[in-house]
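Here the structure is laid out as structure tokens; the discussion comes afterwards.
What follows is calculated from the coordinates using simple rules that are stated; it is not laboratory data. Everything numeric in this text was worked out from a predicted model, so none of it was measured. Counting neighbours? That spans all protein chains shown, and the Cβs are built from the backbone with ideal geometry, glycine included.
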Amino acid sequence: MKERMESLQKTLIEQGMSQERLVFTYVSAAEGLIFANMMKRMDKEMKELGAAKIREENNKLMPYIEKVLGKKGLIPKK
């Protein structure tokens, strides 16, 4: 999983996504406080990045994401 997520993160960054938008870590069900703190940090970082920047990145990434998901049969081909 770690290798796949690192590869995905690298690819998405190359396609124009901000590095802060994809974070992965290991948290067990017993670590609710750690999870809550991660979510607070992510929320703060996304607010700092701004909705307009996130929308801009999403629009730029969408053709790539649709292509990948389409190949996997997860969305209908256009």
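Structure notes:
- Taken along the Cα-to-beta-carbon direction at a fixed 7 Å, the label points for Val23 and Asn37 span 1.1 nm.
- Using θ = phi - 60° and Karplus 6.51 cos²θ - 1.76 cosθ + 1.60, couplings along the stretch 29-38 (whole Hz; Gly, Pro as x): 4, 7, 10, x, 5, 5, 4, 4, 5, 4
- Taking label points 7 Å from Cα along the Cα-to-Cβ direction, Met1 and Gln15 give a separation of 2.2 nm.
- Annotation note: chymotrypsin sites (Phe, Trp or Tyr not before Pro) in the stretch 17-78 located in DSSP loop regions with a Cβ neighbour count of at most 13 within 10 Å are Phe24, Tyr26.
- Relative contact order computed over the chain (Cα-Cα under 8 Å; 6+ residues apart), in percent: 34 percent
- Crossing angle, helix 2-14 versus the chain [Cα axis fit, 0-90 degrees, rounded to tens]: 60 degrees
- Given (i) 1.20; (ii) 1.06; (iii) 1.28, the label whose value is Cα Rg over 2.2 N^0.38 Å derived from this model: (iii)
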